[in-house]
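The values are calculated or read from the model by the stated rules, or taken from the named source; none is laboratory data. Since this is a predicted model, take the numbers as computed values, not measurements. Heads up, the Cβs are rebuilt from the backbone with ideal geometry, glycines too, and the neighbour counts pull from every protein chain shown. In case anyone asks, the SASA skips ligands and DNA or RNA and just uses the protein heavy atoms, side chains included. Shrake-Rupley method; radii C 1.70, N 1.55, O 1.52, S 1.80 Å.
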Amino acid sequence: MMHLNLFIFGCGHHRAAWRHPRSSVERLGDIAYYEELAQTAERGKLDAIFFADGHSTDNLTDGPRWFLEPLTALSAISRATQRIGLISTVSSTFNTPFHAARMVASLDHISKGRVGWNVVTSMFDSEARNHGYDAMPGHDWRYARAEEFVDVALRLWDSWNDGAPQSDRQGDYVRPESTHAIHHKGTHFQVDGPLTVPRPPQGHPVLFQAGASEQGRDLAARRAEAIYAVAFDLQAAQEYYRDIKLRVRKAGRRDPVPIMPGLVTYVGSTEAEARAKQRALDELLPSQDALRQLSMYVGQDCSRWELDAPVPDLPPLEEFSGPKGRYATVLRIIQTERPSVRQLLGRLAAGGGHCTMVGTPDAIADEMERWLSNDGADGFNLMPPSLPDGIEDFVDQVVPVLQKRGVFRKEYETDTLRGHLGLARPGP
């Protein structure tokens, strides 16, 4: 069965979505807006909703990025939904494992076992300067910290036995042997434990990760229980998928570790209608805003690039010091499509280089199935270009096609995120 998550991001993943007359830009501080999106996703029987997070504002004139802190928002959303999973990004660079483990475990209790945490190493100097650093620490340092962060969080969740506390009014609230300290002293953290929250309903909230670098892939193969990926076509998806699955096997793991590339969809009753929706958003995008976004992706100033000229030569991937996954995608688009700068901006406007499918429900379902059956994906992280329209189109038009073909559930069969993803509950 295909796995589907809804990636909720402001007014949608197209950089100009907030400018559209039907956008919900006025509601970005209204928790009811996010609750309604989650309820739409739950109506479509999606596995989960997902929030990314960032620690700097960066070019607010371009449009909204962050508003509500995601774990806080998910606490409210958990009360407005019943079975859909709830996933949030948690930075291992700017948090401590005790604090993160406590918040995520609390949310797993509040939601009765529906939480996933997307562990990331933060990337940008502007974020670092909000947390006491002059610049972002080096790549190797961040990944070493992330691995220790994950180890400590897992041990903290296991610092309570299942079934504790006993709540025995005639005896002990918690038997002494039911909790234990972890006495961790490592390179980055010193944590005694135990956690102040009993063991989560899922044992461990589901660990998601997204990483394209060698360190990111190795960490994902050893630790991640589900993976977000960037792939703009099936060939790129297959290369990543097969590499990660091989690394998982070499790590001695038997769990499925579903891989879910990002997917932008424009759905119409005809291909012409779908392309008209895409064009309507693209035409709202100011070129200078798009060039600033491209500058962030490629690590250099693109503001003077000529729009109708070929894309200037870019350094090879191995010489790029920024986020490698997105940069590799930009290089692949340039290599395969030979776009002008203007054409590249349009391609990146929604989803930043993730796979984009434009067409009828049947055509989009055909292509999703092709990825599913050819080592491209175990499912997709849906990135609607506009919200709420984009997810409503997908749930109302594409999901029924997938259900009819027998590749996506018609009803939830479990109550936890682990259950939706086919993952076993870890023992203490």
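For the reader, a short list of remarks on this structure follows.
- Test: residue in region 363-375 that is assigned to a loop (DSSP other than H, G, I, E, B), within 18 Å of the chain's Cα centre (by Cα) and farther than 30 Å from MET136 by Cβ: no
- Residue that is nearest to LEU421 (Cα to Cα) [pool: residues in region 94-124 that are within 16 Å of the chain's Cα centre (by Cα) and among the polar types (S, T, N, Q)]: ASN118
- When the test is whether a residue is hydrophobic (A, V, I, L, M, F, W, C) and either surrounded by fewer than 21 Cβ atoms within 10 Å (Cβ to Cβ) or farther than 22 Å from PHE50 by Cα (or both), LEU382 does not pass it.
- Among residues of region 41-52 that are over 17 Å from GLY113 (Cβ atoms) and open to solvent by less than 30 Å² (accessible area, probe 1.4 Å), those with a Cβ under 6 angstrom from a residue that is in a strand (DSSP E or B) and modelled with pLDDT under 95, sequence gap 6+ or separate chain, pair up as ALA52/THR89.
- Test for ALA16: is it open to solvent by less than 10 Å² (accessible area, probe 1.4 Å) and closer than 25 Å to GLY346 by Cα: yes
- Hits in region 268-286 (condition: in contact with a His (Cβ under 9 Å, 6 or more places away or on another chain), open to solvent by 40 Å² or more (accessible area, probe 1.4 Å) and assigned to a loop (DSSP other than H, G, I, E, B)): LEU284
- Among all residues of region 105-121, there is at least one that is hydroxyl-bearing (Ser, Thr, Tyr) and buried (at least 23 other Cβ atoms within 10 Å of the Cβ).
- In the condition set (1) outside any loop (DSSP other than H, G, I, E, B); (2) without any contact (Cβ under 8 Å) to a residue 60 or more places away in the chain; (3) out of contact with any Asp or Glu (no Cβ under 9 Å at 6 or more places or on another chain), ASN95 is compliant with all but (1).
- Of all residues in region 125-147, those satisfying the criterion of being part of a helix (DSSP H, G or I) and either open to solvent by less than 20 Å² (accessible area, probe 1.4 Å) or in contact (Cβ under 8 Å) with a residue 60 or more places away in the chain (or both) are SER126, GLU127, ALA128, HIS139, ASP140, TYR143, ALA146, GLU147.
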